[in-house]
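This report refers to the structure that appears directly beneath it.
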Amino acid sequence: MSVKEKAFQLLEEKLKERPDLFLIDFEVSDNNDIKIILDGDHGVKVQDLVDVSRAIEHNMDREEEDFSLTVSSFDISKAFHHIRQYKKNLSRSLKIKTEEGEKEGKLIEVDEDGITIEYKMRVPKETGKGKRNIVKQEKIPFDKIKESKVVIKF
């Protein structure tokens, strides 16, 4: 069994014990540098990363194959990869790139087909001059989304 296969098998076993954690990325380079990125329904604690790292490292034999292992949590500034990331970020502002352009709004709903965002926009008043604010909701199917990121505000 290759280093990649063994590490992935051990990772899968550990994730079965922790169904609140899920895999975002798993890579093994030609020189056996193993990189794992995890996310969780309620976030990822440092202890979660330590536990996953130990589950893999302590069950692989360095005498057989030399390897390095990096286990990290998902970087909130990166684009989403998994529907569970949308669900965990309900009520947060997202910047979404679609085929039609960019949209920004508060994530209010997630289902198996897509997401619904809510945003404010200015429209002309019915009578008189000027504009008024309205709140609009828009459903965006997953197949139209090119990229989604959380908007970080300070």
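Please treat every number below as a calculation from the coordinates, not as lab data. Please read these numbers as outputs of a predicted model, since none were measured by experiment. For neighbour counting, all protein chains shown are included, and Cβ atoms are generated from backbone atoms with ideal geometry for every residue, glycine included.
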- Tell me which residues, restricted to the stretch 108-142, are among the small types (G, A, S) and exposed (fewer than 12 other Cβ atoms within 10 Å of the Cβ). G128, G130
- Query: Out of the stretch 67-107, which residues are surrounded by 14 or more Cβ atoms within 10 Å (Cβ to Cβ), touching a helix residue (DSSP H, G or I) at 6+ places or on another chain (Cβ under 7 Å) and more than 24 Å from V50 (Cα to Cα)?
  - Reply: T98, L107
- From (1) exposed (fewer than 12 other Cβ atoms within 10 Å of the Cβ); (2) touching a Phe, Trp or Tyr at 6+ places or on another chain (Cβ under 9 Å); (3) among the acidic types (D, E), pick out the condition that doesn't hold for E147. (1)
